[in-house]
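Following: one structure in structure tokens, then a few remarks.
The values are calculated or read from the model by the stated rules, or taken from the named source; none is laboratory data. In this text the structure is predicted, and so the values were computed from the model without any measurement. Here the Cβ is made from the backbone with ideal geometry for all residues, glycine too, and neighbour counts use every protein chain on show.
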There are 2 protein chains.
Amino acid sequence: MSQPDDTPNAADCTAFSSDHNHHQCIDQALNSARLLCQQHNVRFTPVRQRVLELIWQSHKPLGAYQILEQLGAEGFNSAPPTVYRALEFLLEQRLAHRIASLNAYIGCSHPQQPHQGYFLICRECGSAQELPSELLAQQLRQFAKQQGFAIETETVELSGLCPGCQASLSTPVTQTPEPTA
Amino acid sequence: MSQPDDTPNAADCTAFSSDHNHHQCIDQALNSARLLCQQHNVRFTPVRQRVLELIWQSHKPLGAYQILEQLGAEGFNSAPPTVYRALEFLLEQRLAHRIASLNAYIGCSHPQQPHQGYFLICRECGSAQELPSELLAQQLRQFAKQQGFAIETETVELSGLCPGCQASLSTPVTQTPEPTA
DNA sequence: GCATGAAAGGTTATAACATAACATTACCAG
DNA sequence: CTGGTAATGTTATGTTATAACCTTTCATGC
């Protein structure tokens, strides 16, 4: 409660460009998470932290059993309930989202603000970008309101091709090399 | 090809009101389907037809194994591939949609027009209403376009309470009785 | 320190959802 | 009526998720 909510957002980087400092994503996500768990007075245990790290390792949504495999390799207990409990916790604390269309999980880029995640998911590279959009939220509410429907949770997952993969697929050879730093 | 696309749409009824002639939904859906299969020169076999009927029996999305159970009870072959093949066919022909957030399937209310399904799903009564919305489609494209993202498939599933269940839950006793015909 | 109770984690089993692979049957075109 | 393709039958298994019950951890009050 004593902390201002001005922590940098972990994924103000964009999932679809490879030229961002991804360590920052992870570090900021973990810092945000620690802070948020303190504020909520809940325990950020090793397995919960590790699962959060794992789903932040890339911007690709991760299946529960992929996470489980990693955990097992690192000496954690590796029965399904372990990972599903950790994921349940992260979802409750709004530190992660579930991608229904993929049965997969991904770190939440804006855990501080209450929001629903809107996702752009590239079918080619597998990356998913979460985008907050107050405008889209309004439009969806409007859409539901016309039917007298009261929205509680929103699943908005748009699949297709990210800018990078559109380019690679249309010009598979002559693409400009990307900056490596 | 020789048929005009003016078949009545099976779900111009609304899933959230109980005072519609639901037989019409089913009949129209089946007629549309027969027509569409003729047009596409594909076979509308008994099991395909029965699965379509089953997912039209109510406006609640149905799980594959629920369908399977029904089929089994009726003497159809009842191994999983049977129902998954039928569903695959119906999805291909755009006669059904998959609801990712529920792992369930529902009849498509506007099979004639190419479209993505936008769904309002009531967590209380389980009904799902599909709504076409060119406006929402535009807004989603716009949203994606800002990121240079090319949408191929859209998963838009809004869960909450339908008008009827909002009323029942807030005034559990004093609700007005519904017309029975 | 230590009792204690709630939260977290361990363990085993199983439920729920979905597909692979290969054999058989149905159906139509020639 | 035959040959090929689409559909279905059959068996097995893969993948995702949860139930149920037991043990451990850890903050708290004594």
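Annotations
- Matching residues in segment B:68-119 - criterion: being under 11 Å from the mean Cα position of the chain (by Cα) and more than 15 Å from DNA strand D (Cβ to nearest atom): B:Arg94, B:His97, B:Tyr105, B:Ile106, B:Gly107, B:Cys108, B:Ser109, B:His110, B:Pro111, B:Gly117, B:Tyr118, B:Phe119
- Qualifying residue in segment B:43-54 (condition: modelled with pLDDT under 75 and hydroxyl-bearing (Ser, Thr, Tyr)): no
- Candidate set: segment A:41-53, residues that are within 14 Å of DNA strand D (Cβ to nearest atom) and part of a helix (DSSP H, G or I); chosen: the one farthest from the other protein chains (Cβ to nearest Cβ): A:Pro46
- Selection count, segment B:120-151, where residues are surrounded by 18 or more Cβ atoms within 10 Å (Cβ to Cβ) and either aromatic (Phe, Trp, Tyr) or at positive phi (or both): 2
- Between A:Glu69, A:Glu154, the distinction of being surrounded by fewer than 16 Cβ atoms within 10 Å (Cβ to Cβ) and out of contact with any Phe, Trp or Tyr (no Cβ under 7 Å at 6 or more places or on another chain) belongs to A:Glu69 only.
- Highlighted here are the helices (runs of 4 or more DSSP H) found entirely within segment A:80-181 that include at least 1 residues which are touching a strand residue (DSSP E or B) at 6+ places or on another chain (Cβ under 8 Å), without any contact (Cβ under 8 Å) to a residue 40 or more places away in the chain and within 11 Å of chain B (Cβ to nearest Cβ): A:134-145, A:163-170.
- Residue that is nearest to DNA strand D (Cβ to nearest atom), among those in segment B:55-67 that are of a type in the set (A, V, I, L, M) and more than 11 Å from the chain's Cα centre (by Cα): B:Ala64
- If you go through segment A:72-100 and pick out every residue that is surrounded by 13 or more Cβ atoms within 10 Å (Cβ to Cβ), closer than 14 Å to A:Cys37 by Cβ and within 12 Å of DNA strand C (Cβ to nearest atom), you end up with 4.
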